[in-house]
Each structure stands twice: as structure tokens, then as C-alpha cells.
1. In Å, what Rg and Dmax follow from the Cα atoms of segment 12-147?
2. How much length is gained on full extension from residue 126 to residue 186, taking 0.36 nm per residue of separation minus their Cα-Cα distance?
3. Just to verify a number: FRET efficiency for residue 93 and residue 118, C-beta to C-beta distance, R0 = 30 Å, to 0.05?
4. Using R₀ = 22 Å, calculate the FRET efficiency as 1/(1 + (r/R₀)^6) where r is the Cβ-Cβ separation of residue 73 and residue 29; round to 0.05.
5. What full-extension length gain, to one decimal in nm, is calculated for residue 56 and residue 36 as 0.36 nm per residue of separation minus the Cα-Cα distance?
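Please treat every number below as a calculation from the coordinates, not as lab data. Just so it is clear, the model here is predicted, and its values are computed rather than measured. Cβ: placed from backbone, ideal geometry, glycine included. Neighbour counts: every protein chain shown.
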């Protein structure tokens, strides 16, 4: 499906599958790591009732996963890369860090409230551009990888071939030393 700007919109199934992978990586992994750290550093038995404060630590940390990857990995996270989709601004340009972080915080907030998270997850089914609530608030759209204007990375062999292009050698100027190091003095023979 394409919108008026002819940007191929990502299919809902790809979005949902990528979200499951990204939520697993972005939420479960940091929670397990923080639980292990809290247990190791404080010696608190997590089977006892009480607050560990892990939830408060996770609130600013979890959105960093998607915000940093969206910004520096062409709008993709690991899940989005696996399913060949990416987040872009409505005009098709690259998403910036603040926009991505706000989008991720809103998505996390809606998911923690559960029912609003369910509504947010299902919202793309009724939108022409398949945008969820956090996409609408952030001014973003999820597109297929074919619409990205990203140059593929060159492998090392092709970079070497290009670097050996013929070039003109510079000749030293007459009367000037070719090196900045002092010239050795020869002993008289």
C-alpha cells in the first residue's frame, strides 16, 4: 500500500512481528540484566516483598534501545531490520533522536497501561497509512525497506579496488628537503 507521497507503507504483520522482537530485546533483556545487577550488588532477595526500583530505572533506559537504533541505523531496530521495515518522518526523511525517543516513551507508556497499549497496537488496522497512536503523535510512519534512500555498505574488497585508482605522484620541489627529519651528516672519509 502506498500513500499520496508514494511511500510504500509497511504491512501490519511485519510491524507486529518486528515489535515482538524489539519488545523482547528492548524490555526483557534490560530487566533481566538489572535484576541480576540489583541482586549481585545489594544482596536483596527478590523473592521477598518490597520495591527494588527496577521499574523506575527501566523507564528512561528501555526507550533508548529503539531511539538510538532508529537514529543511527536508518530508522531500523533489530526487529525492523529482520522484517525489512523502517521508521521515517511523514515526509519520508530520516527520523531524529528526539522524535524517536518521544515515540518510544509514548509507546512504552501506552503498553504499561495495557488496554491503551492494546488499542495502540491495533490502531494501524483502521488507518490508511497503518499508523499507530505513537506514530500519529510523533509524526512518523513505518515504511518498507524499498523506500529507504540508504546506500548499501561497501565491503572491504570494493573499497580497496577504489582506493587503488591511478593518481599523480607529487614531486618534491627543487631545493627543498623531502623530509621533515634532519638529514644525517656523513663523516668525512
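1. 16.1, 52
2. Values: separation 60, 0.36 × 60 = 21.60 nm, distance 8.70 nm.
Value of the extension gain: 12.9 nm.
3. Values: r = 31 Å, r/R0 = 1.02.
Efficiency, rounded to the nearest 0.05: 0.45.
4. Working: r = 17 Å, r/R0 = 0.78.
Computed FRET efficiency for residue 73 and residue 29: 0.80.
5. Working: separation 20, 0.36 × 20 = 7.20 nm, distance 1.58 nm.
Going from the current span to full extension adds 5.6 nm.
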